[in-house]
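Just below is one structure, and these are the notes that go with it.
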Amino acid sequence: MTRVAVLGAGSWGTALADLLARKGHDVCAWAYEPEVVAAINERHENSVFLPGQPLSPALRADHDARRVIEGSAVVISVSPSHVVRTVIRSVADALVPGTLIVSATKGIEEKSLALMSQVVADEAPAARFAVLSGPSFAKEVAEGQPTAVVAASREPAAAGEVQELFATPAFRVYTNTDVIGVELGGALKNVIAVAAGILDGLGLGNNPRAALLTRGLAEITRVGVALGADAATFAGLAGMGDLILTATGGLSRNRALGIAVAQGETLDSWRARNRTVAEGANTSRAAAALASRAGVEMPIVDQVRAVLFDGKSAQDSLRDLMDREPKAEQWR
């Protein structure tokens with residue numbers, strides 16, 4: 001039995017915490033919201049972020065992050081990307097050197113353009129690091145539906161530890177050493193999923209969706225390779241797998257955001273009525289900046305950013321994408 005702290009009790013953090021608790025690990029989750037802490041401890045459910053799903057009675061929650069990590073050998077970081085630095089900084093001096101921090105956050109820090117691996121390295125340099133990513137809706141994981149994900153670390157032994165920690169008959173974990181590729185795949189697919197939702201919101205069909213997913217994956221791969229990732233990673237679970245799920249699945253928050261925006265809702269309005277975070281919004285700006293810095297074109301990402309933050313219409317963005325100058329399919 002391993003003592004595990006989960007920092008962030010949104011839908012995904014709750015699903016992972018419940019999975020580990022059901023495996024027999026000693027799991028405590030930190031939640032920012034007092035009502036989430038109370039619901040998990042008193043009713044064994046997270047009625048705010050994972051309603052209707054019974055949780056393991058062994059799972060505990062607390063509003064004090066430092067108390068949650070006390071004595072924990074593994075810390076799962078699942079806070080939204082824009083607060084990960086603040087959360088890790090708040091507990092860093094209480095971490096035992098060598099603690100394994102597993103990031104399950106799929107995003108990029110917007111101001112610094114740092115991936116979560118760099119954020120953790122900045123704030124908790126004595127910790128070991130791994131990332132967990134792949135096609136995985138929280139609700140389906142909590143229901144015990146068959147799921148496959150990837151654990152990546154520059155230390156193969158750490159990736160193996162994560163694999164062993166999480167693996168169940170319904171939750172298959174593969175290992176990888178390409179941390180950058182796995183992180184970028186998990187973050188950037190959210191932007192393409194917003195674009196896919198925009199197509200659905202416009203009432204378009206299968207041809208445009210297939211084109212979008214294919215060219216979106218090309219953009220992700222292009223910028224990933226420019227930043228040091230292995231191109232093969234983007235053909236795997238953290239790339240193509242997660243992209244297909246998030247861009248087509250009915251449980252996708254990013255796709256839902258795209259649908260709403262295409263039908264006339266503003267980003268601010270959508271955020272005001274949704275407590276859950278659609279990481280693809282802020283990631284569209286961060287990804288556009290990353291691509292510019294790397295000298296890589298990401299036209300789909302650029303158009304999503306323009307629709308969400310510049311008030312550009314979905315129809316105009318689609319037209320501009322289709323009217324771009326002719327290109328060869330393969331990039332060099």
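One decimal place: the segment residue 112-residue 44 gains 20.7 nm when fully extended, by the rule 0.36 nm per residue minus the C-alpha distance. Placing +1 on the Cβ of every Lys and Arg and -1 on the Cβ of every Asp and Glu, with nothing else charged, gives region 180-322 a dipole about its Cα centre of roughly 220 debye.
Extension gain for residue 289-residue 218 works out to 23.8 nm (0.36 nm per residue, less the C-alpha to C-alpha distance). Secondary-structure-derived ellipticity at 222 nm for the chain, considering helices only, amounts to -14500 deg cm²/dmol, per-run term -39500 (n - 2.57) for DSSP H runs with n ≥ 4. Of the residues 177, 96, 15, the one whose Cα sits farthest towards the positive end of the charge dipole of region 3-177 is 177 (charges of +1 on Lys and Arg Cβ, -1 on Asp and Glu Cβ, taken about the Cα centre).
Taking the mean number of other Cβ atoms within 10 Å as a proxy for protection, how do you rank 24-31, 39-46, 177-184 from highest to lowest?
Order by mean packing, descending: 177-184, 24-31, 39-46.
Region 245-271 and region 48-64 have Cα centres spaced 26 Å apart. Ignoring lysines fewer than eight residues from residue 111 along the same chain, the ones with Cα atoms less than 25 angstrom from its Cα are 189, 312.
Which shape class, rounded, prolate or oblate, goes with region 79-151 when its Cα gyration tensor gives a ≥ b ≥ c as root eigenvalues, a/c under 1.5 marks rounded, and past that a/b bigger than b/c marks prolate? Walk me through the intermediate numbers first.
Details: a/c = 2.27, a/b = 1.63, b/c = 1.39.
Since a/c reaches 1.5 and a/b is larger than b/c, the shape of region 79-151 is classed as prolate.
Choose one answer from 167, 211, 38: the residue with the largest mean-square fluctuation in a GNM of the chain with alpha-carbon springs under 10 Å. Top of the fluctuation ranking is 211. Put simply, the amide H of residue 128, placed in the peptide plane, has neighbours under 5 Å in 98, 99, 100, 101, leaving out anything fewer than 5 places away on its chain.
Using a ≥ b ≥ c from the Cα gyration tensor of region 207-257 (square roots of the eigenvalues), is it rounded, prolate or oblate, where a/c under 1.5 gives rounded and otherwise the larger of a/b and b/c decides, a/b for prolate? Display every interim value, and only then the final one.
Working: a/c = 2.23, a/b = 1.73, b/c = 1.29.
In terms of gyration-tensor shape, prolate.
Taken together, the values in this text are just the output of simple stated rules run on the coordinates, not laboratory data. Predicted model only: the values in this text are computed from it and were never measured. Note that we place each Cβ from the backbone using ideal geometry, even for glycine, and neighbour counts take in every protein chain shown.
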